[in-house]
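The values are calculated or read from the model by the stated rules, or taken from the named source; none is laboratory data. In this text, all values refer to a predicted model and were calculated from it rather than measured experimentally. Note that each Cβ is placed from the backbone with ideal geometry, even for glycine, and that neighbours are counted across all protein chains shown.
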């Protein structure tokens, strides 16, 4: 493998039902940052059926170039035709870096493609940087240190540890990236990208599975990853009914209710609203942690919030170790009064 | 029908995490349990045994003590256990691990291979799909439900906002979610069988169609640059107010200070 042949930062631009997923824009934002020190361009790989219309928005969010693989076999996500599409793009265009979202699609596509093109893949990254490997040269072997490597940082062991990983001898350097972690750029209206249409041919074989039925979950809740303010409840809230006081607070502050895993496990709230290692990563401007003890797996999903306000009756709850403002007290008394006080404060400011 | 379930002895992450000086895991120093997603995969296989008389083989890769997890699986009802262990396989990343396991699976007959979606230590979810790729099999990840009919398997495949009912022709590989089922307990008879059961042990020489350059730490394309305990942002202020009113005025005060209202 001649590593020098591999150029450019590529992003798998995930779309579902011909709508670009937010992760695609997040990856483009990151790819732009990585491309600068490498002095290279950002390419989005768009895979689907009748998806060409989506190129405009990918350009606005930072793609310099878009490779479109459009084929009727690619209508709904299936591992084989998508893996064939992406692996063929990699073999044809030779990217230096290939980023994929760590979604339920990307975590299936990424490993399949990495095995097919025989390279390494680092899962669920939260930090991506360009740097040296090894980080510090080995004395006497300074010349062996490689520069301009993708350094991929990820949590492991349920968030207990973090590891930084490199892929020095294989290309592309592949990573799946946790949704909600990377920042989108402000879209540039009317931005244009070079568009390349590429079709490697799709001939169904034993690996093509048949989709018998597609059942979409009914979405009646706002996406907690987009919320600026989250009012998050834990086991301490006590019951599904008692979430009412959190909903009232959320309404007063213009936020959305989310929750911890214990709440989902108890059946009080749907999994869509779960924050944490096995739920969603969020980073709102304000995160209220109410009756949440702050297990590591929960903290891993919310510690990047700008301001964390915790209310808990247990003075030793670990949530106080990450909270900016911690209040020890009874949430049943504090939350309703806080709602009223914030409403009053807002009314005062509006006058 | 023959089913092979790939299981892993994982560290119980509640017991703390230890590293070797080279940044790889010191698995010997941690408590070990059967990985939860793998256990659900095993239960799914045992249900196929109950229903269709499927023969269930469990396979693991690890240190010699990983044989414990195979005995636990046999005590739950699995028929045979295969342990893949060799010094040269240590420090493997997901590429080298999947290459190794695929090399072992090439020695076995199977209609269905089941793995857990992901392990609780690495959380990567990569090894299952990578094994399928090495063996040229269809893969269905994130299974919430598995039904077998003749030579076809139908799987409820979970996505972020939907599920697909997917049908594949066997042989194929499925990765199981822990919510697939509630795994059964070991039975007294099963524990008795497990103690007597002979575990097949394979080393490097037993792996089929695998090159040395794809094994172990040296054969892993990904390299650890740094591993450490997570450094968390320090705690902020904590107050113990006398009354709810005091608590509220503290919070509102801080929110005003930060222009959050």
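For region A:201-223, indicate whether the set of residues that are away from chain B (no Cβ under 12 Å), outside any loop (DSSP other than H, G, I, E, B) and within 27 Å of residue A:52 (Cβ to Cβ) is non-empty.
no
Which condition number does residue A:291 fail, the rest of (1) on the phi > 0 side of the Ramachandran plot; (2) out of contact with any helix residue (DSSP H, G or I) (no Cβ under 8 Å at 6 or more places or on another chain) being met?
Result: residue A:291 fails condition (2) only.
Hey, among B:28, B:23, which residue is away from chain A (no Cβ under 13 Å), modelled with pLDDT under 90 and under 19 Å from residue B:217 (Cβ atoms)?
Working: B:23 fails: away from chain A (no Cβ under 13 Å).
Answer to the selection: B:28.
Looking at this structure, is residue B:261 within 7 Å of chain A (Cβ to nearest Cβ) and part of a helix (DSSP H, G or I)?
Spelling it out, it is not the case that residue B:261 is within 7 Å of chain A (Cβ to nearest Cβ) and part of a helix (DSSP H, G or I).
Do we find that residue A:135 is closer than 30 Å to residue A:199 by Cβ and either assigned to a strand (DSSP E or B) or within 12 Å of chain B (Cβ to nearest Cβ) (or both) in this structure?
Answer is no for this residue.
Residues that are surrounded by 14 or more Cβ atoms within 10 Å (Cβ to Cβ) and within 13 Å of another protein chain (Cβ to nearest Cβ): find the strands (runs of 3 or more DSSP E) completely inside region B:144-210 holding 1 or more of those.
B:152-158, B:162-169, B:172-176
Say we look at region A:309-351 and pick out the residues that are crowded, with 24+ Cβ neighbours inside 10 Å and touching a residue at least 24 places away in the same chain (Cβ under 8 Å); which of these is farthest from residue A:234 (Cα to Cα)?
Taking the candidates together, the pick is A:338.
Criterion first (on the phi < 0 side of the Ramachandran plot, at pLDDT below 95, facing chain A (nearest Cβ under 7 Å) and outside any loop (DSSP other than H, G, I, E, B)) does residue B:254 satisfy it?
Taking the combined requirement at face value, the residue satisfies it.
Does residue B:111 meet the test of being touching a strand residue (DSSP E or B) at 6+ places or on another chain (Cβ under 9 Å), within 11 Å of chain A (Cβ to nearest Cβ) and either farther than 22 Å from residue A:77 by Cβ or at pLDDT below 95 (or both)? Please lay out each step first, then the result.
Working: touching a strand residue (DSSP E or B) at 6+ places or on another chain (Cβ under 9 Å): yes; within 11 Å of chain A (Cβ to nearest Cβ): no; either farther than 22 Å from residue A:77 by Cβ or at pLDDT below 95 (or both): yes.
So residue B:111 does not fit the description; no.
Mind checking whether some residue in region B:228-236 is in contact with a helix residue (DSSP H, G or I) (Cβ under 7 Å, 6 or more places away or on another chain), within 11 Å of another protein chain (Cβ to nearest Cβ) and in a helix (DSSP H, G or I)?
No; the residues of region B:228-236 include none that is in contact with a helix residue (DSSP H, G or I) (Cβ under 7 Å, 6 or more places away or on another chain), within 11 Å of another protein chain (Cβ to nearest Cβ) and in a helix (DSSP H, G or I).
Here is a check on your reading of the model: is residue B:57 in a helix (DSSP H, G or I), buried (at least 19 other Cβ atoms within 10 Å of the Cβ) and modelled with pLDDT of 95 or more?
Judged against the criteria, residue B:57 is not a match.
Every residue in region A:170-195 that is surrounded by 15 or more Cβ atoms within 10 Å (Cβ to Cβ) and touching a strand residue (DSSP E or B) at 6+ places or on another chain (Cβ under 7 Å), please.
Answer for region A:170-195, where residues must be surrounded by 15 or more Cβ atoms within 10 Å (Cβ to Cβ) and touching a strand residue (DSSP E or B) at 6+ places or on another chain (Cβ under 7 Å): A:172, A:173, A:174, A:175, A:176, A:177, A:178, A:179, A:180, A:193, A:195.
Which fully enclosed strands (runs of 3 or more DSSP E) of region A:243-328 have 2 or more residues being at the interface with chain B (Cβ under 10 Å from one of its Cβ atoms) and touching a strand residue (DSSP E or B) at 6+ places or on another chain (Cβ under 7 Å)?
A:286-290, A:307-312, A:325-328
Give region B:211-227 a look and list any residue that's under 16 Å from residue A:151 (Cα atoms) and away from chain A (no Cβ under 11 Å), or say none.
If the condition is that a residue be under 16 Å from residue A:151 (Cα atoms) and away from chain A (no Cβ under 11 Å), then no residue fits.
Return the residues of region A:83-132 that are buried (at least 24 other Cβ atoms within 10 Å of the Cβ) and without any contact (Cβ under 8 Å) to a residue 40 or more places away in the chain; say none if nothing qualifies.
Correct list: A:83, A:108, A:111, A:112, A:115.
Which residue is farthest from the other protein chains (Cβ to nearest Cβ), if the candidates are limited to region B:114-131 and must be within 14 Å of residue B:5 (Cβ to Cβ) and modelled with pLDDT of 95 or more?
Per the criteria, the residue is B:114.
Name the single residue, out of those in region A:3-38 being under 13 Å from the mean Cα position of the chain (by Cα) and within 13 Å of chain B (Cβ to nearest Cβ), that is modelled with the highest pLDDT.
Only one residue fits best here, namely A:14.
Does residue B:92 satisfy being within 17 Å of residue B:174 (Cβ to Cβ), outside any helix (DSSP H, G or I), touching a residue at least 12 places away in the same chain (Cβ under 8 Å) and touching a helix residue (DSSP H, G or I) at 6+ places or on another chain (Cβ under 8 Å)?
no
Within region A:153-200, track down each residue that is free of Cβ contacts under 8 Å to residues at least 60 places away in the same chain and within 14 Å of chain B (Cβ to nearest Cβ).
A:153, A:154, A:156, A:157, A:161, A:162, A:163, A:164, A:165, A:166, A:167, A:168
Among the residues of region B:182-195, is any more than 30 Å from residue B:156 (Cα to Cα), under 23 Å from the mean Cα position of the chain (by Cα) and at pLDDT 95 or above?
No; the residues of region B:182-195 include none that is more than 30 Å from residue B:156 (Cα to Cα), under 23 Å from the mean Cα position of the chain (by Cα) and at pLDDT 95 or above.
Considering each of A:322, A:299, A:328, A:335 in turn, give the residue that is modelled with pLDDT of 95 or more, over 16 Å from residue B:252 (Cβ atoms) and outside the structural domain of residue A:156 (by TED's automatic domain parsing).
A:328 is the lone residue from the list that is modelled with pLDDT of 95 or more, over 16 Å from residue B:252 (Cβ atoms) and outside the structural domain of residue A:156 (by TED's automatic domain parsing).
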